[in-house]
1. Out of curiosity, is ILE293 assigned to a strand (DSSP E or B) and surrounded by 20 or more Cβ atoms within 10 Å (Cβ to Cβ)?
2. What's the number of the condition ASP331 fails, among (1) modelled with pLDDT of 95 or more; (2) within 22 Å of ARG357 (Cβ to Cβ)?
3. If we keep just the residues of the range 26-46 that are under 27 Å from LYS93 (Cα atoms) and over 17 Å from the mean Cα position of the chain (by Cα), which is surrounded by the most Cβ atoms within 10 Å (Cβ to Cβ)?
4. Do you know which of the residues in the range 188-213 that are among the small types (Gly, Ala, Ser) and open to solvent by less than 20 Å² (accessible area, probe 1.4 Å) is nearest to ILE293 (Cα to Cα)?
5. Can you name the number of the only condition in (1) modelled with pLDDT under 90; (2) open to solvent by 40 Å² or more (accessible area, probe 1.4 Å) that ASN83 fails?
6. Considering only the range 280-289, I want to know if a residue exists there that is charged (D, E, K, R), more than 18 Å from THR217 (Cβ to Cβ) and in contact (Cβ under 8 Å) with a residue 12 or more places away in the chain.
7. Being crowded, with 18+ Cβ neighbours inside 10 Å, acidic (Asp, Glu) and more than 28 Å from LEU318 (Cβ to Cβ) is the filter here, so list the residues in the range 102-157 that pass it.
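The values are calculated or read from the model by the stated rules, or taken from the named source; none is laboratory data. Since the model is a prediction, treat every value here as computed from it, not as a measurement. Reconstructed Cβ throughout: ideal geometry from the backbone, glycine too, with neighbour counts over all protein chains shown. Remember, those area values only see protein heavy atoms, side chains included, never the ligands or the DNA or RNA. Shrake-Rupley method; radii C 1.70, N 1.55, O 1.52, S 1.80 Å.
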Amino acid sequence: MISKTMEYKKIKAIISGGGTGGHIFPAVSIAGKLKEVNPETEILFVGAEGKMEMEKVPAAGFDIVGLPILGLQRQLNLKNIINDIQVPFKLIKSLRKAGKVLDRFKPDVAIGVGGYASAPLLWQASRRGIPCLIQEQNSFAGLTNRLLAKRVGCICVAYEGMEKFFPAEKTVLSGNPIRSRIHPYSAVEKEEGLAFYGWHPGKKHLLIVGGSLGSGTLNRSMKKWIEEGCPGGEDVEILWQCGRYYKAGIDEFMRGRDLPMISYTDFIARMDLAYAAADVIISRSGASSISEICAAGKAAIFVPSPNVAEDHQTHNALALVSRDAALMVRDCDAPQTLMATALELAGDPQRIGTIERNVSEMARPDATRTIVDQVYKLI
């Protein structure tokens, strides 16, 4: 970190990224920290038209401009072929619009957080000599950031060994920005979490995190386990985030089933208390999820999504598994083995303790401040 005496002067920052949901929270977190260190700082976001950031960023209190950019689709079907034909034309339009946005806003720095939406803005900013920083959340660098690496002044990464993707002299190990409420939890906070969710202190507790939209694989795994009679679940209580996309179907599935040890919901508002109370977490292995679990110091079983670019969720999970800081179950194996693996881990406090110690060592709770310091250093 840069000296605490460094002056955080007022700046104009443009932050670009998105097209996919995992890039939005880090971007908003960086913006929030920039405003915290100097409330007079001006911030403008640039995202992809029609994508989640166009709703989430204004909800966080920031202005955003949308580009008509599209991402390449790798699966071969008619819809994706039509999409991919449009990509180069949309890219040209996005480059032109990004240039106009930069000329109008005149930023002191451009920050890219990955995703195809950041490419036109960072490309045009670097051409204009505007200092540029990119943040890579995953252990396998995304295509956009790999293409931009030679054009930017600083690359903040979340994992060690990223020099295989980026120039070592530009690379800073920062970690990923996380929500401020996520931290190692005390026994008192665990008790608060248990009380909040109505859990019994004498039982083991599983938290299944499918994300806001939900995970079909995690939901299928739970449904199969329930259909089999919940084997091994006598002393376990479960909080199951099924996601809003799947909620109606899960409502129908659970109708008439008397399973008081299972609570399910489409959204978990107090994720901090859910983390505090859980003994074992089951989750996809997106960058933000992994960073939060590291910060919370919790034992987790990751089920990487196979439907992501460059299979980066598997790379993310293996970065922890290789250090005995998590377990991993492959997506195709999850319906058969996930719940048995989770229950076995929940019943082994010594194994949980080992994983918790190892995963805590990978936490970087000051990631957002480190990134902001690098922004000022670059300027």
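1. Working: assigned to a strand (DSSP E or B): no; surrounded by 20 or more Cβ atoms within 10 Å (Cβ to Cβ): yes.
Criteria not met by ILE293.
2. All conditions are met except number (2).
3. Within the range 26-46, the subset under 27 Å from LYS93 (Cα atoms) is 26-28, 31, 42-46.
Remaining after also requiring over 17 Å from the mean Cα position of the chain (by Cα): 42-46.
Numbers: GLU42: 16, ILE43: 24, LEU44: 20, PHE45: 29, VAL46: 32.
For the range 26-46, the residue satisfying everything is VAL46.
4. In the first step, residues of the range 188-213 are kept if they are among the small types (Gly, Ala, Ser); the result is 193, 195, 198, 202, 210-212.
So of that shortlist, the ones also open to solvent by less than 20 Å² (accessible area, probe 1.4 Å) come out as 193, 210.
On the way: GLY193: 16, GLY210: 14 Å.
It comes out as GLY210.
5. The single condition ASN83 does not satisfy is (2).
6. no
7. ASP108 - this is the single residue of the range 102-157 that is crowded, with 18+ Cβ neighbours inside 10 Å, acidic (Asp, Glu) and more than 28 Å from LEU318 (Cβ to Cβ).
Residues checked against (1) under 17 Å from GLY18 (Cβ atoms); (2) touching a Ser or Thr at 6+ places or on another chain (Cβ under 6 Å); (3) not in a loop (DSSP other than H, G, I, E, B):
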residue: ASP103; (1), (2), (3): no, no, yes
residue: LEU122; (1), (2), (3): yes, no, yes
residue: SER126; (1), (2), (3): no, no, yes
residue: GLN135; (1), (2), (3): yes, no, yes
residue: ASN138; (1), (2), (3): yes, no, no
